[in-house]
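The values are calculated or read from the model by the stated rules, or taken from the named source; none is laboratory data. Keep in mind the model is a prediction, meaning the values are calculated, not measured. Neighbour counts run over all protein chains shown; Cβ positions are idealised from the backbone, glycine included. Protein only, heavy atoms only, side chains kept; ligands, DNA and RNA dropped before computing areas. Shrake-Rupley method; radii C 1.70, N 1.55, O 1.52, S 1.80 Å.
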Amino acid sequence: MLAGATPVLVHNSNPEEYCLTSELRGDEPGTADRLRADPRFTGGDLRGFVATNAPDYIDSYGRTYDAVGGPSAWARGNTQQMLGSIRSHLYLNTGMNFTVLDLTGASSEQIDTVFENLDAWDADPGLKPTSKLLILGDDY
């Protein structure tokens, strides 16, 4: 929502459910910083959700973002587990406007595997994304 030309955070729930993105856990604060810096991000302010069963972020327009990946996630090296998480975020999780796939820290092999799977899922007529995909990372 806009107040004049300024985006403002609007959501029809308790404002105490939000926090600064720097207060989030794991890779989520860094992913939020990378999302803000991405030229495709047009959401104004970005806040975090306090609850861990909610999306990770909400922008000034009330659009929600759920993040997957990030440096520590890729460092664990379990690419198959990450692929399952990415697929769940894209095709099973509902109520989010965007899935933010953070490839920061992923190896070139992991990145290749992710894109092979994204292509295969996209070609499957039985799979319909539940959110729009935003991909972040320096090396892809």
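Provide the packing ranking of 108-116, 84-92, 28-36, i.e. peptides ordered by the mean count of other C-beta atoms within 10 Å per residue, highest first.
Those peptides, ordered most packed to least, come out 28-36, 84-92, 108-116.
In terms of the Cα gyration tensor, with a ≥ b ≥ c the square roots of its eigenvalues, is region 95-140 rounded because a/c is under 1.5, prolate because a/b exceeds b/c, or oblate? Oblate. For region 41-128, the carbon plus sulfur part of the accessible surface works out to 47%, probe radius 1.4 Å.
Secondary-structure-derived ellipticity at 222 nm for the chain, considering helices only, amounts to -9500 deg cm²/dmol, per-run term -39500 (n - 2.57) for DSSP H runs with n ≥ 4.
Roughly how large, in nm² to one decimal, is the mean projection of the convex hull of the alpha-carbon atoms in the chain?
8.8
The H on the amide N of residue 103, modeled in the peptide plane, is under 5 Å from the matching H of 136, 137, each at least 5 residues off or on a different chain. A 1.4 Å probe run over region 60-140, with the rest of the protein chains in place, finds 51 Å² accessible per residue.
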